[in-house]
Amino acid sequence: MTTDTTTGTLRAILHDIRAVDGAVYAAVAATPTPTLDTAFRRLSTAANHSKISFGIAAALALVPGRPRRAALAGAGAIAVASASANLLGKRLVHRPRPDREAARVVTGRHVPMPASASFPSGHTASAFAFASAAGSVFPPAALPLWALAWTVGYSRVHTGVHYPGDVTAGALLGVASAGVSLAAVGWWDTGRK
């Protein structure tokens, strides 16, 4: 296979992925969910600046032992995810935000459209980073934190500010960021012994 053929194949695959991404976004926008719209809008807004995750971390930090370590690992993972998404990912990819008006996203779902690039979703990256790191250190919290992370990610599509692909990339970045944070916390714990 030649380089030109490989490049052409990769372009075709990326084109198809973008087409599916746009179609899923449009399907979510076209599905009437008046009962859920307010809840997803409020959740999406509450997740700004990782307020939900930091609130949970503060509560965990009040309990000595594994919960406190989970809070530390989770907060560290948010820092890594946020920096990676906002300082690297968005600046490297420059993907424009979805056109909510063209997709006819119901106005009742709208949250303010961020000025930053769309890819990856920083809200999702931070939520998954916290869930992955804190849940690894304190397993009883894992399932609720993962459910919250998935819901935050979906809320970003539901409110029309991200494509599903942005959310998927954010989730993967969040999990990777948790790995970095967990390694740092493990190194720090080892150094203190």
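The values are calculated or read from the model by the stated rules, or taken from the named source; none is laboratory data. All values reported here derive from a predicted model rather than from experimental measurement. Cβ: placed from backbone, ideal geometry, glycine included. Neighbour counts: every protein chain shown. Side chains are part of the model used for accessible areas, which takes the heavy atoms of the whole protein and leaves out ligands, DNA and RNA. Shrake-Rupley method; radii C 1.70, N 1.55, O 1.52, S 1.80 Å.
A compact table of results
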read-out: Helix-only [θ]222 nm of the chain, DSSP H runs n ≥ 4, -39500 (n - 2.57) each, per residue, nearest 500; value: -24000 deg cm²/dmol
read-out: Charge dipole (segment 1-114, unit charges on Cβ, about Cα centre) - positive-most of Val106, Ala77, Ser44; value: Ala77
read-out: Nearest-10 value in Å² for the accessible area of His15, using the 1.4 Å probe; value: 110
read-out: Rg ratio (alpha-carbon, reference 2.2 N^0.38 Å) - the chain; value: 1.12
read-out: Virtual spin-label span in nm between His49 and Arg11, 7 Å along Cα→Cβ; value: 4.4
read-out: Size of electric dipole in segment 59-193: Cβ of Lys, Arg +1 and of Asp, Glu -1, about Cα centre, debye, nearest 20; value: 180
read-out: Virtual spin-label span in nm between Leu172 and Thr35, 7 Å along Cα→Cβ; value: 3.5
read-out: Cβ-placed point charges (K, R +1; D, E -1), dipole of segment 1-136 about Cα centre in debye, nearest 20; value: 460
read-out: Phi to ³J(HN,Hα) by Karplus 6.51 cos²θ - 1.76 cosθ + 1.60 over segment 36-51, Hz, x for Gly, Pro; value: 8, 4, 5, 4, 5, 4, 5, 4, 4, 5, 5, 7, 4, 6, 6, 4
